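Peer 1: Please read through the structure below; I'll follow up with questions.
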Amino acid sequence: MCAVLVKLGGSVITDKSSYRCFDQGSADRLAREIASSGERALLVHGAGSFGHVLAAEHRLQKGYLDQGQLAGLSKVQLDVRDLNLMVMRSLDRAGVHGVSLPPGAMGLMEGGELKDLDLGLFRRYLDLGLTPVTFGDVVLDSRRRFGICSGDQLMYLLAKEFRPERIVFCADVDGIFTSDPALEPGARLVEEVDRRTLEDLPRTSRVADVTGSIYAKVEFMLRLAELGQETMVINGRAPGRLEAALKGEKVKGSVVLGGSR
Ligand code: IP8
């Protein structure tokens, strides 16, 4: 049904340190790589600086605290939809026939965890031969009234439902490192990631990130890999790497291993 599930990380399609800064060049190139891989894809993208900056300011990840947050909620939803439209346009220019499926309009969380997503819609669009595109968003929460749904949570639910052959996360570095490579020159690329890798990972992040540190992201990836599909993290800023990974070629990056090794 769909061969590959791809997350375009917010750190690749935006400049995460600067509010609402879209990286048009990266988005266009990644869209072209998806198109020329020829694979049937299901796409997720992160929010980057269109989501995390204001979400952190309004503490949206905590759920409902006061009425003052609602202006922020509405603005973050607006901003991530703007980003999604820009990504959709990049895909369109590359010849990928995408359809946008916003989780805020078809999902429900429970205590911060995405529990429900209208997967039937994804299936119908896939059946038509289209490429569904969803993204990190503000979503209603049955306990906290609303919350932040990360692209990683979406990746998990979609992988569980559609069992793609390959799952690829595009980051702004070569894969998972033993520590933040931007801060520590001695940081080492972990080529095979397993549960033991988590022990060394930092639990905080350098830039505003309301969906957690690299630790939280790797936790999700391990859960995904445990579903049994090949899961990898590659550098989405390195030209050609996504296309090669989608075609199943060996590329520089981290492979996330399922099972306890
Ligand atoms: O960038 C976060 O999604 P992520 C979504 O995939 C918002 O972690 C709205 C900040």
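Peer 1: Considering only residues that are closer than 30 Å to Tyr19 by Cβ and among the small types (Gly, Ala, Ser), look in the range 181-208 and name the one that is modelled with the lowest pLDDT.
Peer 2: Checked the range 181-208; the qualifying residue modelled with the lowest pLDDT is Ala208.
Peer 1: Among the residues of the range 224-240, is there at least one that is assigned to a helix (DSSP H, G or I), under 28 Å from Gly107 (Cα atoms) and more than 16 Å from the ligand (Cβ to nearest atom)?
Peer 2: As a first pass, look at the range 224-240 and keep what is assigned to a helix (DSSP H, G or I): 224-225.
From the residues that got through so far, the ones that are under 28 Å from Gly107 (Cα atoms) too are 224-225.
Applying the additional criterion that residues be more than 16 Å from the ligand (Cβ to nearest atom) yields 225.
Yes, the range 224-240 has at least one match.
Peer 1: Where in the range 81-139 are there strands (runs of 3 or more DSSP E), lying wholly inside it, with at least 3 residues that are within 25 Å of Arg29 (Cα to Cα)? Walk me through how you get there before you give the answer.
Peer 2: On the way: elements: 98-100, 107-110, 113-117, 131-135.
Per the criteria, 98-100, 131-135.
Peer 1: So for the range 27-37 (the condition being of a type outside the set (D, E, K, R), out of contact with any Lys or Arg (no Cβ under 8 Å at 6 or more places or on another chain) and within 13 Å of the ligand (Cβ to nearest atom)), does at least one residue qualify? First the steps, then the outcome.
Peer 2: Step one: list which residues in the range 27-37 are of a type outside the set (D, E, K, R), which gives 27, 30-31, 34-37.
After this cut, where a residue has to be out of contact with any Lys or Arg (no Cβ under 8 Å at 6 or more places or on another chain) as well, the list is 27, 30, 34-36.
Now narrow it down to the ones that are within 13 Å of the ligand (Cβ to nearest atom): none.
No, the conditions are met nowhere in the range 27-37.
Peer 1: Of everything in the range 59-85, what is more than 11 Å from the ligand (Cβ to nearest atom), open to solvent by less than 60 Å² (accessible area, probe 1.4 Å), touching a residue at least 60 places away in the same chain (Cβ under 8 Å) and over 18 Å from Val133 (Cβ atoms)? Give them in sequence order.
Peer 2: Once the filter is applied, which keeps residues that are more than 11 Å from the ligand (Cβ to nearest atom), open to solvent by less than 60 Å² (accessible area, probe 1.4 Å), touching a residue at least 60 places away in the same chain (Cβ under 8 Å) and over 18 Å from Val133 (Cβ atoms), the range 59-85 yields only Gly63.
Peer 1: On to the next question. Determine which member of the set Glu39, Glu33 is open to solvent by 30 Å² or more (accessible area, probe 1.4 Å) and either free of Cβ contacts under 8 Å to residues at least 12 places away in the same chain or among the acidic types (Asp, Glu) (or both). Full working, then the answer.
Peer 2: Working: Glu33 fails: open to solvent by 30 Å² or more (accessible area, probe 1.4 Å).
Going through Glu39, Glu33 in turn, the sole match is Glu39.
Yes/no matrix, rows are residues, columns are (1) in contact with a helix residue (DSSP H, G or I) (Cβ under 9 Å, 6 or more places away or on another chain); (2) part of a strand (DSSP E or B); (3) of a type outside the set (Ser, Thr, Tyr):
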| site | (1), (2), (3) |
| --- | --- |
| Asp152 | yes, no, yes |
| Lys160 | yes, no, yes |
| Cys170 | yes, yes, yes |
| Val173 | yes, no, yes |
| Ala182 | no, no, yes |
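Peer 1: Looking only at the range 193-207, filter to residues that are among the basic types (Lys, Arg) and within 16 Å of the ligand (Cβ to nearest atom); which one of those is surrounded by the fewest Cβ atoms within 10 Å (Cβ to Cβ)? Outline the logic, then answer.
Peer 2: Kept after step one, since they are among the basic types (Lys, Arg), are these residues of the range 193-207: 195-196, 203, 206.
After this cut, where a residue has to be within 16 Å of the ligand (Cβ to nearest atom) as well, the list is 203, 206.
Values: Arg203: 10, Arg206: 13.
The residue in question is Arg203.
Peer 1: When you scan the range 197-217, do you find a residue that is touching a strand residue (DSSP E or B) at 6+ places or on another chain (Cβ under 9 Å) and under 30 Å from Gly95 (Cα atoms), even just one?
Peer 2: Checking the range 197-217: not a single residue is touching a strand residue (DSSP E or B) at 6+ places or on another chain (Cβ under 9 Å) and under 30 Å from Gly95 (Cα atoms).
Peer 1: Which condition number in (1) open to solvent by 10 Å² or more (accessible area, probe 1.4 Å); (2) within 11 Å of the ligand (Cβ to nearest atom); (3) not in a helix (DSSP H, G or I) is the one that Ala56 fails?
Peer 2: Single failed check for Ala56: (3).
Peer 1: Among the residues of the range 89-98, is there at least one that is within 22 Å of Ala171 (Cα to Cα), in contact with a Ser or Thr (Cβ under 8 Å, 6 or more places away or on another chain) and without any contact (Cβ under 8 Å) to a residue 40 or more places away in the chain?
Peer 2: No: zero hits.
Peer 1: Still on this structure: Looking at the range 178-190, which of its residues are touching a residue at least 24 places away in the same chain (Cβ under 8 Å) and either among the aromatic types (Phe, Trp, Tyr) or in contact with a strand residue (DSSP E or B) (Cβ under 9 Å, 6 or more places away or on another chain) (or both)?
Peer 2: In the first step, residues of the range 178-190 are kept if they are touching a residue at least 24 places away in the same chain (Cβ under 8 Å); the result is 180, 182, 189-190.
Once the filter is applied, which keeps residues that are touching a residue at least 24 places away in the same chain (Cβ under 8 Å) and either among the aromatic types (Phe, Trp, Tyr) or in contact with a strand residue (DSSP E or B) (Cβ under 9 Å, 6 or more places away or on another chain) (or both), the range 178-190 yields Leu189, Val190.
Peer 1: Out of the residues in the range 105-124 that are surrounded by fewer than 21 Cβ atoms within 10 Å (Cβ to Cβ) and within 15 Å of Pro164 (Cβ to Cβ), which is farthest from the ligand (Cβ to nearest atom)?
Peer 2: Arg123
Peer 1: Assess whether Gly151 counts as being within 13 Å of the ligand (Cβ to nearest atom) and within 17 Å of the chain's Cα centre (by Cα). Break it down stepwise before answering.
Peer 2: Details: within 13 Å of the ligand (Cβ to nearest atom): yes; within 17 Å of the chain's Cα centre (by Cα): yes.
Yes.
Peer 1: Residues Val256, Val210, Val190: which one is surrounded by 20 or more Cβ atoms within 10 Å (Cβ to Cβ) and within 17 Å of Leu5 (Cα to Cα)? I'd like the intermediate steps shown before the answer.
Peer 2: Working: Val210 fails: within 17 Å of Leu5 (Cα to Cα); Val190 fails: within 17 Å of Leu5 (Cα to Cα).
Among Val256, Val210, Val190, only Val256 is surrounded by 20 or more Cβ atoms within 10 Å (Cβ to Cβ) and within 17 Å of Leu5 (Cα to Cα).
The values are calculated or read from the model by the stated rules, or taken from the named source; none is laboratory data. For clarity, every value in this text was computed on a predicted model and none was experimentally measured. For neighbour counting, all protein chains shown are included, and Cβ atoms are generated from backbone atoms with ideal geometry for every residue, glycine included. Surface areas here come from the heavy atoms of the whole protein model, side chains and all, with no ligands, DNA or RNA. Shrake-Rupley method; radii C 1.70, N 1.55, O 1.52, S 1.80 Å.
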